[in-house]
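Everything on this sheet refers to the single structure shown next.
The values are calculated or read from the model by the stated rules, or taken from the named source; none is laboratory data. All values derive from a computational prediction rather than experimental measurement. Methodologically, a virtual Cβ is constructed for each residue, glycine included, from the backbone with ideal geometry; neighbour enumeration extends over all protein chains shown.
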Amino acid sequence: MQNIFKYILGFSGNKRPIKLATLLLIISILALGIIGCTDLSELDVVGEPVEEEVDQIEGTLRVHYIDVGQGDSIYIELPNGEIALIDGGPKSSEEALLNYLDEQGVEKIDYLVATHPHEDHIGGLVGVIKNYEIGKIYMPNVVHTTKTFENLLLAIQDKGYKITKAMAEDTIIDEAGLSLYILAPEIDADWEDLNNYSIVLKLNYKNNSFLFTGDAERESEEIMLTKGYDLRAHVLKVGHHGSTTSTMDEFLDKVDPQYAIISCGVDNKYGHPHKEIVAKLQERNIKIYRTDLDGNIVVKSDGENISFNE
């Protein structure tokens, strides 16, 4: 176990921006080189700089909220041809998850996100890592002393993959008309409850947007509100399976979704989704979809229009 924790503490983080002083020094050196080697009178300046036009991505975005029982797993077919997977549900649903991915013809997962170390989110990821090629793996900077978590780290290590620490304001995808970025957790997060380390993601495709909240609870929601992030989304994956620990009124009002997805198991022992959460969604005329009632939920977007289970 000790070696595994050493492995996770060796997370590879995203490259940070160059410091201003360093940038100025580089510019100064380059400027001296130009002045020393070139007659300034020979430099040609013709007209105004022309901005290169970048064509927006075209195609269909499909977001699959997979029925993994009491847990989360979201498979995303991006319009640029890449694949993302957010969580893998519990170990008990691993076979069902792998069968679903096989049915979709998955061979490689470009972006794998383990929102936080609880078993109902990472249990099925061990099989995913063993059976598919993985591009980048994102996890929060927190460890958990469970066999499930250890097995996940071993699977990652055995395949020679590295883990990228997920931090608020980091960008995963930034293309014309398509973006995927992280809203939580903060780099200095220090929570008692692992749920609040959940990676929160926002996906934008042209004029449509999706918010994925993992099990982020009120404390994490409050931080995102304080930071002033753009939380607006057409489709909200309701936090913590519809528990009253999440989806505070202020947060929900800021997101202002048209649709809400709740991932939970049939007759689960936690009573998810809690009736208070269902009521506040209904009061706002938000259309609710639930994996315990609706099974697999597939949302399709062309960047302008959203449709379900087509």
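Tabulated values for the structure
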item: Any hit, region 58-73, residues being among the aromatic types (Phe, Trp, Tyr), in contact with a helix residue (DSSP H, G or I) (Cβ under 7 Å, 6 or more places away or on another chain) and either modelled with pLDDT under 50 or closer than 25 Å to Ser263 by Cβ (or both); result: yes
item: Matching residues, region 137-153, being in contact with a strand residue (DSSP E or B) (Cβ under 6 Å, 6 or more places away or on another chain) and part of a loop (DSSP other than H, G, I, E, B); result: Asn141
item: Answer from Ile134, Ile172, Ile156 - the residue that is over 19 Å from Leu203 (Cα atoms) and in a strand (DSSP E or B); result: Ile134
item: Matching residues, region 246-271, being touching a residue at least 40 places away in the same chain (Cβ under 8 Å) and part of a helix (DSSP H, G or I); result: Val255
item: Qualifying position, being without any contact (Cβ under 8 Å) to a residue 60 or more places away in the chain and either within 12 Å of Pro140 (Cβ to Cβ) or not in a helix (DSSP H, G or I) (or both), among Leu236, Leu180; result: Leu236
item: First in region 212-233 and on the phi > 0 side of the Ramachandran plot and crowded, with 17+ Cβ neighbours inside 10 Å, second anywhere and assigned to a loop (DSSP other than H, G, I, E, B) and not acidic (Asp, Glu), Cβ under 7 Å, 6 or more apart; result: Gly214/Thr115; Gly214/His116; Gly214/Ser198; Gly214/Ile199
item: Where a residue in region 183-202 is in a helix (DSSP H, G or I) and its partner, wherever it lies, is among the β-branched types (Val, Ile, Thr), with Cβ under 9 Å and at least six apart; result: Leu194/Val142; Asn195/Thr245; Asn196/Ile223; Tyr197/Thr115; Tyr197/Val142
item: Pairs, first farther than 12 Å from Gln70 by Cα and in a helix (DSSP H, G or I) in region 85-106, second of a type in the set (Gly, Ala, Ser) and at pLDDT 95 or above, C-beta under 7 Å, six or more apart; result: Glu94/Gly123; Glu94/Gly124; Glu94/Gly127; Leu97/Ser73; Leu97/Gly88; Leu97/Gly89; Leu97/Gly124; Leu98/Gly127
item: Region 148-186 - residue that is within 19 Å of the chain's Cα centre (by Cα) and polar (S, T, N, Q) and, of those, surrounded by the most Cβ atoms within 10 Å (Cβ to Cβ); result: Thr164
item: Check on Tyr111, of a type in the set (Ser, Thr, Tyr) and touching a residue at least 60 places away in the same chain (Cβ under 8 Å); result: yes
item: Count - residues of region 272-291 that are surrounded by 13 or more Cβ atoms within 10 Å (Cβ to Cβ), free of Cβ contacts under 8 Å to residues at least 60 places away in the same chain, farther than 24 Å from Ile223 by Cα and not β-branched (Val, Ile, Thr); result: 2
item: Per-region count, region 54-76, residues outside any strand (DSSP E or B) and buried (at least 24 other Cβ atoms within 10 Å of the Cβ); result: 6
